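The values are calculated or read from the model by the stated rules, or taken from the named source; none is laboratory data. The structure displayed is predicted, hence computed values, not measured ones. When we count neighbours, we look across all protein chains shown, and the Cβ atoms used for this are built from the backbone with ideal geometry, even at glycine. Note: accessible area is taken over every heavy atom of the protein model, side chains too, but ligands, DNA and RNA are not part of it. Shrake-Rupley method; radii C 1.70, N 1.55, O 1.52, S 1.80 Å.
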Amino acid sequence: MKTNAARALDKLGIAYELLEYEVDPDDLAAESVAAKIGLEPERVFKTLVARGDRTGVILAVIPGNMHLNLKALAALSGNRKVETVPLKEVQPLTGYIRGGVTALACKKDYPVYIDELIELFDTITISAGMRGLQILIAPSDYIQAVSGTVGAIAQEKES
């Protein structure tokens, strides 16, 4: 099944692989997705929607086993303050539902900030724009496809 995100990669001539998994609407955590597709959680990157006080809406892409560091994202994106947007705003802003948000083929071209850990891997996965489908892609191709800015924006989850 081709999604708009996959079509965007096709248009750019970027190689990728689609990975399907069974969706549990009560558990959309990246760690769960990782287990279902047989990858380490740190290779399953999640896309979060945030709003900066200077830039407006921005996207943050971080490893599935990490939290977003809002201060670091603010610094990297040229904002004084950044907050994640309320869940009810995610779909109107991106065109995607929770568990299916991707920086590829969003409603608008928002600035994309990607955690530097992406560069540690040969391949990573990101949402293909719907629940139940991931895109396996080379980090450099993904960064190019979304015109991403790479920096340290993720932090360990507190236990």
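Scan segment 85-132 for residues that are within 17 Å of Gly151 (Cα to Cα), surrounded by fewer than 21 Cβ atoms within 10 Å (Cβ to Cβ) and not hydroxyl-bearing (Ser, Thr, Tyr) and the total you get is 6. Scanning segment 20-35 for residues that are out of contact with any Pro (no Cβ under 8 Å at 6 or more places or on another chain), free of Cβ contacts under 8 Å to residues at least 40 places away in the same chain and either within 10 Å of Lys46 (Cβ to Cβ) or open to solvent by less than 30 Å² (accessible area, probe 1.4 Å) (or both) yields Ala29, Ser32.
Taking every residue in segment 65-91 that is free of Cβ contacts under 8 Å to residues at least 40 places away in the same chain and assigned to a loop (DSSP other than H, G, I, E, B) and pairing it with any residue that is open to solvent by less than 20 Å² (accessible area, probe 1.4 Å) and of a type in the set (Gly, Ala, Ser), at least 6 positions away or on another chain, the pairs with Cβ-Cβ distances below 6 Å are Asn79/Gly52; Lys81/Ala74.
Of all residues in segment 64-84, count the ones that are surrounded by 15 or more Cβ atoms within 10 Å (Cβ to Cβ), closer than 22 Å to Tyr142 by Cβ and touching a strand residue (DSSP E or B) at 6+ places or on another chain (Cβ under 6 Å).
The initial filter retains those residues of segment 64-84 that are surrounded by 15 or more Cβ atoms within 10 Å (Cβ to Cβ), namely 64-66, 68-70, 72-77, 79, 82, 84.
Narrowing the set further to residues that are closer than 22 Å to Tyr142 by Cβ leaves 64-66, 68-69, 72-73, 76-77, 82, 84.
Next, only the ones that are touching a strand residue (DSSP E or B) at 6+ places or on another chain (Cβ under 6 Å) stay: 64, 66, 68-69, 73, 76-77, 82, 84.
Residues flagged as surrounded by 15 or more Cβ atoms within 10 Å (Cβ to Cβ), closer than 22 Å to Tyr142 by Cβ and touching a strand residue (DSSP E or B) at 6+ places or on another chain (Cβ under 6 Å) within segment 64-84 amount to 9.
The residues of segment 139-158 that are over 12 Å from the mean Cα position of the chain (by Cα) and in a loop (DSSP other than H, G, I, E, B), listed by number, are Ser147, Ala152, Ile153, Lys157, Glu158. Against the criterion of being in contact (Cβ under 8 Å) with a residue 60 or more places away in the chain, outside any loop (DSSP other than H, G, I, E, B) and open to solvent by 20 Å² or more (accessible area, probe 1.4 Å), Leu136 qualifies. Residue count for segment 56-71 satisfying the condition of being under 17 Å from Ile124 (Cα atoms) and of a type in the set (Gly, Ala, Ser): 2.
So for segment 50-66 (the condition being aliphatic (A, V, I, L, M), modelled with pLDDT under 95 and within 19 Å of Gln155 (Cα to Cα)), does at least one residue qualify?
Of segment 50-66, the ones aliphatic (A, V, I, L, M) are 50, 57-62, 66.
Adding the requirement that they be modelled with pLDDT under 95 leaves none.
No, segment 50-66 contains no residue that is aliphatic (A, V, I, L, M), modelled with pLDDT under 95 and within 19 Å of Gln155 (Cα to Cα).
Gly129 meets all of the listed conditions (1) on the phi < 0 side of the Ramachandran plot; (2) modelled with pLDDT of 95 or more but one, namely (1). Annotation: of all residues in segment 30-88 being of a type in the set (Val, Ile, Thr) and more than 12 Å from the chain's Cα centre (by Cα), the one that is farthest from Arg131 (Cα to Cα) is Thr55. Among the residues that make up segment 43-61, is at least one of them open to solvent by 30 Å² or more (accessible area, probe 1.4 Å) and in a helix (DSSP H, G or I)? Looking for residues that are open to solvent by 30 Å² or more (accessible area, probe 1.4 Å) and in a helix (DSSP H, G or I), one finds at least one in segment 43-61, hence yes.
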